[in-house]
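J.: One structure, as structure tokens, below. Some questions next.
The values are calculated or read from the model by the stated rules, or taken from the named source; none is laboratory data. None of these values were measured; they are calculated from a predicted model. In this analysis, Cβ positions are derived from the backbone assuming ideal geometry, glycine residues included, and neighbour counts consider all displayed protein chains. The area values use the complete protein model at the heavy-atom level, side chains included, leaving out ligands, DNA and RNA. Shrake-Rupley method; radii C 1.70, N 1.55, O 1.52, S 1.80 Å.
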Amino acid sequence: MNHRTSLTLLALLALVAAALPQPVAAAANFDETTIVTDTADDFAGDGSLDIVAVHIAERYRYNVEERRGDDTIAVRFQMRSVDDLKCGSAIKVELTFMAGGQAKKVAGGVANAFAGQAGCVKSANDITGKTVFDATSITVIVAKAALGLTDGTSLTGIYAISYLVSAAQDVGEDVAPHPNQNAPQSAPPTSGMLSHVLVGNFPSVTVTPITPLEQFSVGGQEIKYQFAFASHPMLRDENLRVRFTMPQGWTVSPSQGRTGADPEGQLTAANDGVPRDFSFSLSATGIAEEGDVVPVLMQVISDRGGLVNVTTLTTVSGAKIPAPNPTIGLLTPGPFETGSQERRLSVANLSGPLSNIRFALEVTKPGQRATYDAEALGNGTFKATVNFKSEGSHTVDGYISSLRPSPHQQFVVQVEDGGLAPGPGVPLFLVVVGLAVLALRRRS
């Protein structure tokens, strides 16, 4: 075979291949995956029965009346033209696949019933799940749990069949993937079937915390949790619903939406993926016991089917809370004597000195109590003047006065008449005051 003959043969093969029926390019939406493709125009006689492709999406479907929702799969049968459905006819579409060693089916239908002189009216026929349709698609929405499916389940051997529904028997028409060649079929295909793994609901909305998800509430008083909501860049004017679950004795007030016994946040997300601010305030309706931990589940639900679960934890505290452990430099370690005494210290973290903070000292002894504000000297240096009025054991409590509740640490020091021996308690106390200051900086 010479070179010219080879080129001629290749050209003929290309022409033959072009003349053969080709799979249709699937037109999946941004949150869908194509799981079935079919041969183009292989069932030209009735566009309402001609399967073009089948797509699947994982979405959260919320029922407003029942105040509950389900993780679902939305199976969209892309037909050549649902509008071609003849008056007085009904069709069914069915998807079959294997999952966990068992055969599963998802089916829905459309009927076009006579309506007298007004003509015909199309209506959806729910079979496996909720069915909706438009000019080119029939979509069946089924709860994953109803099919025994979970995130991570593998779907294999996927194929679809369209049926013409009659009183006697449903007649198989178009099989996908399969080149029907305009002849009705009902036998499953033998090749070309795809597989798909469920990965969880599409991220139609994202939630970014602005404040910590764990906070303190002094005696159950009001605190605020702040977030940034962003819808997927492909969505426009997406409505968001925010639901709350909290213990009895507590109330939530969202920044947008309704308050009361059944609070609900309601807002429209900014377009093009731009974040939008949202917050809620939490407070006790009665007496809150110190030490109680109050979980609040916030569910952010988008109309498109996104769901984000966020849990906040609020600890009921007194006016002060124990401080964590950063570091501090004591600039005037001693000696200590009764009467007024000034002590200087430096506060810094890995980023450098800290200045925009306030803290105070509370000195107590049975029958005596005094509070002293510390003075910021700049560049992370502070001074506090303490007056021990008598000898004996004193409790010194250092706390961050610019926070509520205030991080604090208590220490016991021994004061002697005529002077105070610089034992380990005082330097350790001053170190912990600095630790609390650095905790404030980290929290900010």
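J.: Between Thr156 and Gln256, what length in nm is gained on full extension when 0.36 nm per residue of separation is reduced by their alpha carbon distance?
T.: On the way: separation 100, 0.36 × 100 = 36.00 nm, distance 4.43 nm.
Full extension from Thr156 to Gln256 adds 31.6 nm.
J.: Further, regarding this structure: Quick check: from the Cα gyration tensor, does the stretch 82-220 come out rounded (a/c under 1.5), prolate or oblate? If you can, show how the numbers build up before the last one.
T.: Values: a/c = 3.08, a/b = 1.67, b/c = 1.84.
Oblate, since a/c reaches 1.5 and b/c is not below a/b.
J.: Given the protein chains as shown and a 1.4 Å probe, how many square angstrom of Met98 are accessible, to the nearest 10?
T.: Roughly 80 Å² of Met98 is accessible to a 1.4 Å probe.
J.: What does the extension gain come out to for Val121 and Leu331, with contour length at 0.36 nm per residue minus their alpha carbon separation?
T.: Values: separation 210, 0.36 × 210 = 75.60 nm, distance 8.74 nm.
So the chain would gain 66.9 nm between Val121 and Leu331.
J.: Tell me, what is the FRET efficiency for Asp83 and Ala183 to the nearest 0.05, using R0 = 22 angstrom and their Cβ-Cβ distance as r? Kindly include the intermediate steps, with their values, before the conclusion.
T.: Working: r = 23 Å, r/R0 = 1.06.
Calculated value: 0.40.
J.: Right, next: Note the full-extension length gain between Thr245 and Ser351 as 0.36 nm times their separation in residues minus their Cα-Cα distance, in nm to one decimal.
T.: On the way: separation 106, 0.36 × 106 = 38.16 nm, distance 3.91 nm.
Gain in length upon complete extension: 34.2 nm.
J.: How do Lys383, Lys130, Lys144, Lys389 stack up against each other in accessible area, from largest to smallest, with a 1.4 angstrom probe? Kindly include the intermediate steps, with their values, before the conclusion.
T.: Numbers: Lys383 45, Lys130 90, Lys144 10, Lys389 155 Å².
Most to least solvent-accessible, the answer reads Lys389, Lys130, Lys383, Lys144.
J.: Just check the stretch 25-158 against the gyration tensor rule for me: Cα atoms, a ≥ b ≥ c as the square roots of the eigenvalues, rounded for a/c under 1.5, and otherwise prolate or oblate depending on whether a/b exceeds b/c.
T.: On the way: a/c = 2.09, a/b = 1.34, b/c = 1.55.
Oblate, since a/c reaches 1.5 and b/c is not below a/b.
J.: Using a Förster distance of 35 angstrom, determine the FRET efficiency expected from the C-beta separation of Thr395 and Ser283, and round it to 0.05. Write out the running numbers ahead of the final one.
T.: Working: r = 32 Å, r/R0 = 0.90.
Once the sixth-power term is evaluated, E becomes 0.65.
J.: Using a 1.4 Å probe on the protein heavy atoms only, what accessible surface does Asp417 show? Give it in Å² to the nearest 10.
T.: 130 Å²
J.: What is the Cα radius of gyration of the stretch 229-278 over 2.2 N^0.38 Å, N being its residue count?
T.: Details: Rg = 12.7 Å, N = 50, 2.2 N^0.38 = 9.7 Å.
That works out to 1.31 for the stretch 229-278.
J.: On to the next question. Classify the stretch 79-127: rounded, prolate or oblate, from the alpha-carbon gyration tensor (a ≥ b ≥ c, eigenvalue square roots; a/c under 1.5 rounded; otherwise prolate if a/b is larger than b/c)?
T.: Values: a/c = 5.18, a/b = 2.95, b/c = 1.76.
The shape class here is prolate.
J.: Apply 1/(1 + (r/R0)^6) to the Cβ-Cβ distance of Thr315 and Ala103, taking R0 = 45 Å, and write down the FRET efficiency to the nearest 0.05.
T.: Numbers: r = 51 Å, r/R0 = 1.14.
Result of the calculation: an efficiency of 0.30.
J.: Could you name the lysines whose alpha carbon sits less than 17 Å from that of Lys104, not counting residues in the same chain fewer than 8 places away?
T.: Here the lysines satisfying the reach criterion relative to Lys104 are Lys92, Lys130, Lys144.
J.: Here's another thing I want to ask about it. Taking a probe of 1.4 Å, how large is the accessible area per residue of the stretch 61-148, in Å²? Kindly include the intermediate steps, with their values, before the conclusion.
T.: Details: 4220 Å² over 88 residues.
Normalised by residue count, the accessible surface of the stretch 61-148 is 48 Å².
J.: Give me Rg over Rh for the stretch 254-319, both radii from the alpha carbons and Rh done the Kirkwood way, two decimal places. Present the calculation step by step, with values, prior to reporting the outcome.
T.: Numbers: Rg = 14.8 Å, Rh = 14.2 Å.
Rg/Rh: 1.04.
J.: Here's something else I'd like to know. Against the 2.2 N^0.38 Å scaling, with N counting residues, where does the stretch 102-151 land? I'd like the Cα-based Rg ratio to two decimal places. Could the numbers behind the result be given before it?
T.: Working: Rg = 14.3 Å, N = 50, 2.2 N^0.38 = 9.7 Å.
Against the compact-globule rule of thumb, the ratio is 1.47.
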